[in-house]
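Novice: Take this structure first; my questions come after.
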Amino acid sequence: MDAERSALTTLCQEFDALIGETRLHSAERQELLERIVAEARARRPLLTLLGQLLDTDRETTLRTLATGLPGAGPGTARQENFRCPDGACDRTAVPPPAGAIPRCAVMGGRPMERG
């Protein structure tokens, strides 16, 4: 399978999870995903755009696609601690392994930071 076909296959298989993961990030990332979807629908090359989304070079993007896009799949069974996004309080949160990033209600749902 060529690299672009593989990229489209992975995007299609993991689309819902990627949408969910991208919603946890900036509007810029969300717009980039929308552009990727438009390019995919037009059957134009995706690897460069996926590399921008993942902040990786072409080779790293290819390796990442071989194992699944971030936010997709079963995740890792690693416990992570999160803290207040701006350090204003001492709240910490420990989501279930590979669970969603906790959010700060006071800061309008802003994602908490890995601590």
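The values are calculated or read from the model by the stated rules, or taken from the named source; none is laboratory data. What you see is a predicted model; the values in this text were computed from it and never measured. Heads up, the Cβs are rebuilt from the backbone with ideal geometry, glycines too, and the neighbour counts pull from every protein chain shown. For the accessible areas, the whole protein counts, side chains as well, though only heavy atoms, and no ligand, DNA or RNA atoms are used. Shrake-Rupley method; radii C 1.70, N 1.55, O 1.52, S 1.80 Å.
Novice: Along the charge dipole of the chain, which of PHE15, ALA105, LEU62 sits closest to the positive end, that is, farthest toward it, with unit charges on the beta carbon of Lys, Arg, Asp and Glu (+1, +1, -1, -1)?
Specialist: ALA105
Novice: Pull out the extension gain between ASN81 and GLN30, defined as 0.36 nm times the separation in residues minus the alpha carbon to alpha carbon distance; nm, one decimal.
Specialist: Here the answer is 15.8 nm.
Novice: Further question on the same structure: Over the chain, with every protein chain in place, what whole percent of the accessible area is carbon and sulfur at 1.4 Å, could you tell me?
Specialist: Carbon and sulfur atoms account for 50 percent of the accessible area of the chain.
Novice: With θ set to phi - 60° and the Karplus curve 6.51 cos²θ - 1.76 cosθ + 1.60, what are the ³J(HN,Hα) couplings of region 104-109 in order, to the nearest whole Hz, using x for Gly and Pro?
Specialist: Here the 3J(HN,Hα) series is 9, 5, 5, 8, x, x Hz.
Novice: Using a 1.4 angstrom probe and counting only protein chains, how large is the accessible area of GLU28 in Å², to 10?
Specialist: Near enough 140 Å² of accessible area.
Novice: Now for a different question. Using a 10 Å cut-off on Cβ atoms, rank the peptides 33-40, 103-110 from the highest mean neighbour count down.
Specialist: Highest-to-lowest ranking by the protection proxy: 33-40, 103-110.
Novice: Let me ask another. For a distance above 16 Å, tell me the whole-number percent of Cα pairs in the chain that qualify.
Specialist: Every Cα pair in the chain considered, those over 16 Å come to 64 percent.
Novice: Hey, with R₀ at 41 Å, roughly what FRET efficiency would CYS89 and ARG41 work out to, going by the Cβ-Cβ distance, to 0.05?
Specialist: It comes out at approximately 0.40.
Novice: Of all the Cα-Cα pairs you can form in region 1-42, what percent are over 14 Å apart?
Specialist: The answer is 50 percent, as a whole percent.
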